[in-house]
Each structure stands twice: as C-alpha cells, then as structure tokens.
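First the structure, in the form of structure tokens, and then the observations on it.
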Amino acid sequence: MDKVIWDSKYDTGIELLDNQHKKLVDLTNELYSACMSADVHLSEIFKDSMSKMVDYVHHHFSTEVEFMKKINYPELQHHIKMHDELIRDILTSAKDAKEDKKFVANNFTRTLIEWILSHIAVHDKEYALYVKEQKRLGFCTDKMIKEIQSSLHP
C-alpha cells in the first residue's frame with residue numbers, strides 16, 4: 001500500500017469541503033507513516049495520529065452535514081448513516097489500538113484509505129452534483145454556496 005496522493009478527480013467543487021477532504025487524506029497518510037515506521041514508539045505515534053484523525057473526522061463530518069442541511073440535500077439522512085458507520089469503525093479501532101491488539105494499525109489504515117477515497121469519489125460527488133443541479137435550476141448560486149461555506153468555516 002502506498003500513501004494517498006490527492007487527485008483532482010476527488011474534488012467536489014466546494015472549496016471548504018475539498019480542503020477538509022485533503023486534510024483527511026493528509027491525516028490518513030500520517031497514520032500510514034506511523035504504521036510503517038521502524039520507531040520503537042510506534043504504538044504511541046499511531047495513538048497520537050489516531051487521536052488527531054478522530055478529532056478531525058468529527059469536525060469534518062459536522063461541517064459537511066451542516067452544509068448539506070443548508071442546501072436541503074435530500075439524501076442527508078443516508079449520508080449521516082454512512083458517517084456514523086465510519087465513526088463507529090474508527091472508535092472501535094482506537095479502542096483496539098489502546099489495547100495494543102496486533103495488526104490494528106495496518107488494517108485500520110488500509111480500510112480508512114479505501115473508505116475515504118470511495119466515499120469522496122462516490123457519495124460526496126452526489127451532493128456536489130445536487131449543488132450543480134440546484135444552480136442550473138436557479139435555486140442556488142455560487143454566491144450562496146460561498147456564503148454557506150463562510151458561515152461554516154471556523
């Protein structure tokens with residue numbers, strides 16, 4: 001498995017969320033590096049990286065959900081369910097890592113990379129297409145989307 005390189009094919013066209021997705025990829029790569037490290041303190045490095053990932057995933061998901069609420073995204077509940085499933089997996093892996101279960105780091109990092117990339121490439125693209133359609137129909141403008149992003153930006 002190699003580190004993930006961000007590709008424009010993952011862009012949703014919603015700058016705030018794309019920037020957060022890039023940060024998720026960076027944190028996932030940090031976890032991957034921790035897994036591959038020959039450092040004798042691998043367990044602690046992984047736990048620190050995992051903690052950062054958990055915090056950022058919560059932050060990103062709450063931002064994304066608020067964005068979808070503001071655009072009246074019809075598939076919001078389904079999207080929230082997918083987020084909840086990943087959070088459960090992350091918390092389970094974090095617990096397993098605290099208990100020093102073998103292979104947690106590598107398996108979890110591989111799963112996380114696959115989930116993030118497939119989620120962004122498929123499901124996040126769906127709300128991006130919804131935004132484009134709302135713009136085409138005149139229900140939404142670039143200015144409105146920028147204002148929504150500004151209201152969500154910390």
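Go through Phe46, Phe108, Phe67 for me and flag whichever is surrounded by 13 or more Cβ atoms within 10 Å (Cβ to Cβ), outside any loop (DSSP other than H, G, I, E, B), at pLDDT 90 or above and more than 13 Å from the chain's Cα centre (by Cα).
Matching residue, one of Phe46, Phe108, Phe67: Phe67.
Output the residues belonging to the stretch 10-22 that are in contact with a helix residue (DSSP H, G or I) (Cβ under 7 Å, 6 or more places away or on another chain) and not β-branched (Val, Ile, Thr).
Tyr10, Asp11, Gly13, Glu15, Leu16, Leu17, Gln20, His21, listed by residue number.
Need pairs with beta-carbon distance below 8 Å; first residue more than 13 Å from Leu16 (Cα to Cα) and within the stretch 139-152, second among the polar types (S, T, N, Q); sequence gap 6+ or separate chains.
What qualifies is Cys140/Gln134.
Scan the stretch 24-35 and tell me whether some residue there is in contact with a helix residue (DSSP H, G or I) (Cβ under 8 Å, 6 or more places away or on another chain), without any contact (Cβ under 8 Å) to a residue 40 or more places away in the chain and exposed (fewer than 13 other Cβ atoms within 10 Å of the Cβ).
No, that holds for no residue.
Quick one: Thr12 ticks every box in (1) part of a helix (DSSP H, G or I); (2) in contact (Cβ under 8 Å) with a residue 60 or more places away in the chain; (3) touching a Phe, Trp or Tyr at 6+ places or on another chain (Cβ under 9 Å) bar one, so which box is it?
(1)
Which condition number in (1) in a helix (DSSP H, G or I); (2) at pLDDT 90 or above is the one that Asn72 fails?
Unmet for Asn72, out of (1) in a helix (DSSP H, G or I); (2) at pLDDT 90 or above: (1).
Hey, Thr109 hits all of (1) in contact with a Cys (Cβ under 7 Å, 6 or more places away or on another chain); (2) farther than 20 Å from Lys23 by Cα; (3) of a type in the set (Ser, Thr, Tyr) but one; which does it fall short on?
Checking Thr109 against (1) in contact with a Cys (Cβ under 7 Å, 6 or more places away or on another chain); (2) farther than 20 Å from Lys23 by Cα; (3) of a type in the set (Ser, Thr, Tyr), the one that fails is (2).
Among the residues in the stretch 124-138, are any surrounded by fewer than 18 Cβ atoms within 10 Å (Cβ to Cβ), at pLDDT below 90 and either part of a loop (DSSP other than H, G, I, E, B) or among the small types (Gly, Ala, Ser) (or both)?
no
The values are calculated or read from the model by the stated rules, or taken from the named source; none is laboratory data. The structure displayed is predicted, hence computed values, not measured ones. Note that we place each Cβ from the backbone using ideal geometry, even for glycine, and neighbour counts take in every protein chain shown.
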